[in-house]
Amino acid sequence: MNKKYSLAMLGVALGFFASLSAVIQGAEDLNTLEQKALREAVEVVAPSVIQIETVGGLEKVGDQLAGGGPCSALVVSADGYLLSSSYNFVHEPTSILASLPGGKRTSAKIIARDHSRNLVLLKINAEEPLPVPTFVPRDDLRVGQWTIAVGKSFSPVDANASIGVLSALHRVWGKAIQSDAKISPNNYGGALIDIHGRVIGVITSLSPQATGPQAGADWYDSGIGFAVPLTEMQPRLEKLMQGEDLRQGLLGISLKGNDIMADRPEIGAVRYNSPAQESGILAGDIITAIQGRQVVNHAQMKHQLEPMYAGDEVALTLQRGDDSVEVKATLTAVLVPYAHPFLGILPVRDAEGIVVRDVLADSPAATAGLTAGDVIVRVNDKPATTVDELRTQISALEPDTAIQLVYRRGEEEKNAEITLATLPTSVPGELPAAWSKEVEQPAQPPQTGEVEVRLAEEPNAAFAWIPDDYHADRRYSLLVLLQEPGDVDKQATIDAWKAVCKQSGAILLSVSPASKERWTPSETGVVRKCIEQLAGKYNIAPGRTALVGVRSGGAMAYMVAFENREAIAGVVTLAAPIPRGVQPPDNDPLHRLAIFTLYDDMSPQAAQLKKLDEALAKMKFPVVHRSAAKGADKLTDDDRTAITRWLDSLDRI
Amino acid sequence: MNRSPFVIALTLSLGLLTSAAQAESSLAKTIRGVQPRIVKIFGAGGLRGLESYQSGFVISPEGHILTVWSYVLDSSVITIVANDGRRFTAELVGADPELEVAVLKVDADDLPFFNLDESVELTSGQRVLTFSNLYGIATGDEPASVLHGYITAITDLQGRRSAAEVRYKGPVYVVDAMTNNPGAAGGALTDQQGQIAGVLGKEIRNASNNVWLNYSIPIRELQNSVEDILSGRFRPRSRDENQNRPMQPITLAQLGLILLPDVLPKTPPFVERVAPESPAETAGLRPNDLVMFVERRLISSQRDLREELTFIDRDDPVRLTLLRGDELIEVTLNE
């Protein structure tokens with residue numbers, strides 16, 4: 001007993017001394033061991049990271065100096081297929097060279113591209129089998145674990161590396177994992193590995209907001225970097241190897257609401273000829289699950305859908321009324337450009353039911369003989385009660401579809417079969433009044449005439465003009481002038497627009513750029529905030545809000561409209577192109593955007609502007625063109641009449 | 001045999017826990033040991049967005065300070081603020097314009113210093129520490145900022161040949177710590193034990209892919225130059241960029257190479273025609289061959305090719321690597 005005890009004590013003592021020396025030893029050992037492990041991990045993967053050099057190509061891509069320096073690619077098959085980042089090839093090199101692990105150079109070719117995850121598949125002629133690294137499935141990864149970014153940007157033999165931890169597992173809508181290791185053009189196309197030298201993914205530039213092969217590259221070395229997990233690419237490799245490009249899969253739906261974290265994924269509209277329509281999805285359905293995973297808001301739906309590719313089949317669970325419906329849709333790379341169907345009527349704005357205010361010339365409604373004052377009661381056996389309902393119902397149909405319309409003229413009910421057309425591209429003639437009833441003035445009418453608009457945190461000058469017969473019960477059109485840089489003559493602006501705005505029920509808003517020289521792209525937010533501030537005090541219809549700009553103001557108008565589809569319904573430009581690098585969005589069933597261009601048809605610029613009109617028309621935007629006076633740099637009274645009349649007709653169906 | 005498993009478990013866990021904590025504190029100790037050797041340097045600049053401050057470190061018991069040569073030193077008064085907050089007026093002892101380093105001296109003999117004879121050479125993959133006055137955030141007696149990093153690569157500094165901004169072309173340590181910041185130039189790079197390994201370089205971009213480069217010049221590259229400056233033996237090296245160019249370089253015409261018209265800044269050097277009975281014809285060049293390398297240098301444009309030929313004497317052979325279809329072919333012209 002006693003002996004046992006003393007032995008135990010000795011054990012404690014021995015253990016204590018042992019641990020003391022381990023403390024001193026361990027201090028350096030831990031740092032050294034960690035360093036050794038990191039270095040060994042890099043050595044394990046280094047032969048599978050191949051240096052790529054490119055020759056020729058563009059000097060500049062957009063405003064950026066194109067790289068063109070050595071970059072990296074990762075071996076994905078022993079017979080010579082490599083994955084790299086598409087960033088490395090945006091400058092369209094004339095030829096591509098790869099340095100084999102043995103040091104020999106060989107030529108490489110781009111076989112296919114993954115446009116969704118910004119990757120390219122290269123093929124080289126390898127005489128010896130290439131070392132394929134071990135890949136780690138995403139499910140085995142843990143946030144906080146070591147990650148090492150490995151490239152071959154500096155040497156074809158020695159890898160360059162940067163250390164960090166795994167920051168997040170599902171980024172860029174689930175397409176990538178995130179690391180804080182320095183990720184930059186120095187290692188795009190290389191490997192992100194774990195401490196054992198196993199490959200987590202291919203390093204590339206990506207952004208959750210922007211698209212294109214350079215998206216997210218401006219974040220380089222910032223502590224935010226992305227890699228595409230390789231185990232997710234493996235099932236796709238065969239397709240890429242056959243030379244087929246991969247593109248993000250599209251379903252063809254528009255959702256209701258704008259708050260992606262709060263709003264339910266309720267379908268506002270289904271694009272015709274889209275996978276959604278073919279699979280039987282209907283407007284009003286709510287998506288409750290994708291691939292068996294529950295989704296409750298827009299963001300969760302994007303997380304499930306955006307990583308999918310064209311050609312993939314997606315299983316959706318929908319709530320339709322009280323029923324749960326299961327559908328399957330095969331996603332597509334390109335949606336047929338959506339054109340809004342057009343019936344040809346303007347509704348009276350304050351009427352109960354759908355009363356025709358005007359029938360637009362040469363429209364299907366005009367052909368069927370409808371006239372002002374008719375009341376639409378039924379469309380395709382469905383009762384038509386409100387203007388909004390009718391608009392949504394029509395928007396789901398394809399132009400050229402025939403509909404059965406029942407309308408009332410006086411006491412008489414009439415039937416018509418009407419073949420829908422597309423939105424008109426001409427300015428309507430004089431329109432009858434939009435309102436049928438007189439409104440009583442409230443006791444304290446809000447301020448009319450000239451109104452100051454000031455944003456607390458922005459230096460931009462802005463003001464509004466409110467018609468003196470303004471009434472809060474009526475929804476007004478809004479005409480936003482995006483002024484050219486420099487001083488604005490307030491009184492002259494108001495005098496020029498006053499009469500036509502009053503006549504068409506429009507409020508005028510003028511916004512100037514902060515700088516005396518130019519508009520800057522970040523000021524799209526300022527314009528939006530000015531509109532919101534005004535809409536907080538006055539009753540404004542987003543469906544009849546249009547931006548008007550001359551030259552640089554016009555270019556800005558395009559940018560603001562493309563970014564704020566739900567708040568802007570029209571763009572009017574005088575001699576203004578769409579700024580370089582700005583891509584018009586797809587036409588959308590729920591958010592209509594009409595375009596009105598003015599320019600001198602004889603000017604040197606005209607050919608280019610006409611091409612732009614045609615491109616927009618091809619995307620199915622209704623483009624109205626009006627020829628401006630020779631060398632015009634200002635709008636004339638006639639132009640203003642045409643613009644306000646066009647604006648007044650934007651709630652057409 | 002009789003030892004209680006409980007005791008063993010206890011000692012083991014005790015040992016592991018304390019060694020992890022100890023590893024951390026050993027790093028803290030290293031950092032505390034290095035910081036007093038770093039100084040903040042204030043001089044010219046402060047206009048047109050140029051900073052008027054940078055970093056340096058003490059390298060002798062007499063108060064010599066090593067830093068990078070820059071416009072900051074281009075001032076009649078250079079002020080040094082030591083780690084303890086003391087201010088000194090420094091004298092410029094000398095500078096090496098090619099390595100772009102300078103040695104200053106202050107009148108202080110009690111500053112902790114690095115002995116350059118004890119500098120260490122690093123290898124790729126080593127974990128390191130960097131010490132500097134980045135963004136000038138350390139003021140007065142505040143210690144310099146520390147960044148923790150990893151030697152990403154060891155490579156020759158690729159300055160653009162046309163740009164004279166970086167003259168040094170020797171090996172550098174590339175680190176993954178963001179040292180490419182205003183004020184960081186002249187700071188110290190050490191290993192995890194705090195032994196001096198390099199001087200942090202100025203803000204530059206990588207010439208090959210235009211990315212900001214975080215680099216440090218190894219002490220061994222500077223040591224001779226620093227010793228020469230300290231002993232008053234210093235003679236600046238020639239910075240004549242043309243010194244290696246032959247008097248009569250070879251031209252494309254002499255080789256018999258006619259390229260596609262050079263219309264773009266980066267027109268690739270495709271062969272359009274080969275002059276009859278020229279060195280190019282003898283070597284078997286053909287129309288549509290793409291010139292990829294002259295010797296071992298990658299050629300990315302016609303401009304590059306012409307530039308590269310200016311380094312070759314008209315009597316010397318020219319070794320080219322061509323891309324013909326998918327095949328890389330090596331030829332020697334002018335043999």
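The values are calculated or read from the model by the stated rules, or taken from the named source; none is laboratory data. Because the structure is predicted, anything quoted here is derived from the model rather than measured. Neighbour counts are summed over all protein chains in view; Cβ atoms, including those assigned to glycine, are modelled from backbone coordinates with ideal geometry. When the accessible area is computed, the model is the full protein with side chains, heavy atoms only, and any ligands, DNA or RNA have been set aside. Shrake-Rupley method; radii C 1.70, N 1.55, O 1.52, S 1.80 Å.
Give, in nm to one decimal, the length gained when the segment between A:ASP469 and A:GLU563 is fully stretched (0.36 nm per residue of separation minus the Cα-Cα distance).
Additional length available on full extension: 30.6 nm.
State, in square angstrom and to the nearest 100, the accessible area buried between chains B and A, both chains counted, probe radius 1.4 Å.
On the way: alone 18150 and 30970 Å², together 44870 Å².
Buried area between the two chains comes out at roughly 4300 Å².
With 27 Å as the limit, write out which pairs from A:LYS490/A:LYS529; A:LYS498/A:LYS620; A:LYS302/A:LYS611; A:LYS182/B:LYS169; A:LYS123/B:LYS266 have Cα-Cα distances beyond it, or answer none.
From A:LYS490/A:LYS529; A:LYS498/A:LYS620; A:LYS302/A:LYS611; A:LYS182/B:LYS169; A:LYS123/B:LYS266, over 27 Å: A:LYS498/A:LYS620; A:LYS302/A:LYS611.
Can you compute the label reach from A:VAL325? Point 7 Å from Cα along the Cβ direction, backbone N cut-off under 20 Å, restricted to segment A:386-419.
From segment A:386-419, the list is A:389-398.
Averaged per residue, what accessible area in Å² does the protein assembly as shown show with a 1.4 Å probe, protein chains only?
45 Å²
Given R₀ = 35 Å, what would the calculated FRET efficiency be for A:LYS239 paired with A:ALA168, taking r from the Cβ atoms and rounding to 0.05? It would help to have the intermediate numbers written out before the result.
Details: r = 28 Å, r/R0 = 0.79.
Result of the calculation: an efficiency of 0.80.
Between A:ASP139 and A:LYS490, what is the spin-label point distance in nm, taking each point 7 Å from the Cα along the Cα→C-beta axis?
6.7 nm
Select from A:HIS303, A:GLY505, B:LEU129 the residue farthest towards the positive end of the dipole of the protein assembly as shown; place +1 on Cβ of Lys and Arg, -1 on Cβ of Asp and Glu, and compute about the Cα centre.
Working it through, the farthest residue towards the positive pole turns out to be B:LEU129.
Helix-derived [θ] at 222 nm for chain A: sum -39500 (n - 2.57) over DSSP H runs of at least 4, divide by residue count, nearest 500?
-7000 deg cm²/dmol
So which trypsin sites (Lys or Arg not before Pro) in segment B:266-327 are both in a DSSP loop and have at most 13 other Cβ atoms within 10 Å of their Cβ? Write out the running numbers ahead of the final one.
Numbers: sites: B:LYS266, B:ARG273, B:ARG296, B:ARG297, B:ARG303, B:ARG306, B:ARG314, B:ARG319, B:ARG324; in loops: B:LYS266, B:ARG296, B:ARG314.
Of the trypsin sites (Lys or Arg not before Pro), the ones in loops of segment B:266-327 whose Cβ has at most 13 other Cβ atoms within 10 Å are B:ARG296.
Calculate the spin-label point distance for A:ASP263 paired with B:LEU264, positioning each point 7 Å from the Cα along the beta-carbon direction, and give it in nanometres.
For B:LEU264 paired with A:ASP263, the spin-label model returns 4.3 nm.
How far is helix A:606-618 tilted off the main Cα axis of chain A, in degrees rounded to 10, range 0 to 90?
Approximately 80 degrees, to the nearest 10.
Determine how many Å³ per residue the convex hull of the Cα atoms of the protein assembly as shown encloses.
272 Å³
Using a simple spin-label model with points 7 Å from Cα along the Cα→Cβ vector, what separation in nm is obtained for B:ALA44 and A:VAL439?
7.0 nm
Using the crude model of +1 on Lys and Arg Cβ and -1 on Asp and Glu Cβ, and no other charge, please compute the dipole size for chain A relative to its Cα centre, in debye to 20.
Numbers: 63 positive and 80 negative charges, 240 e Å.
The dipole of chain A has a size of about 1160 debye.
Across peptide A:156-162, how many C-beta atoms of other chains are within 10 Å of each residue C-beta, on average? List each step's numbers first, then the result.
Working: counts 0, 0, 5, 4, 10, 8, 10.
Shielding by partners across A:156-162 averages 5.
Picking from A:VAL623, B:LEU157, A:ALA366, whose Cα lies most toward the positive end of the charge dipole for the protein assembly as shown (charges on Cβ: Lys, Arg +1; Asp, Glu -1)?
Farthest towards the positive pole: B:LEU157.
List the residues, sorted by chain then number, that are 5 or more residues from A:ALA384 or on another chain and whose placed amide H is less than 5 Å from its amide H.
A:ARG378, A:VAL379
Kindly provide the trypsin sites (Lys or Arg not before Pro) of segment A:431-520 that DSSP labels as loop, not H, G, I, E or B, and whose Cβ sees at most 15 other Cβ atoms within 10 Å.
A:LYS437, A:ARG454, A:LYS516, A:ARG518
Nearest 0.05, what FRET efficiency do B:THR332 and A:GLU306 give at R0 = 60 Å with Cβ-Cβ as r?
Between B:THR332 and A:GLU306 the formula returns 0.65.
Express as a percent, rounded to the nearest 5, the fraction of DSSP beta bridges in the protein assembly as shown (both residues included) that run antiparallel.
Among the beta bridges of the protein assembly as shown, antiparallel pairing accounts for roughly 85 percent.
Charges on Cβ only, +1 for Lys and Arg, -1 for Asp and Glu, centred on the Cα centroid of segment A:167-324; of A:ASN186, A:SER274, A:TRP219, which one is farthest towards the dipole's positive end?
Ranked along the dipole, the leading option is A:ASN186.
Using a 10 angstrom Cβ neighbour count of at most 10 plus a DSSP loop assignment to flag exposed GluC sites (Glu not before Pro), which longest range of chain A is free of such sites? Numbers along the way, then the final one.
Values: sites that count: A:GLU127, A:GLU352, A:GLU411, A:GLU430, A:GLU438, A:GLU440, A:GLU457, A:GLU517.
My reading of the result: A:128-351 is the longest stretch.
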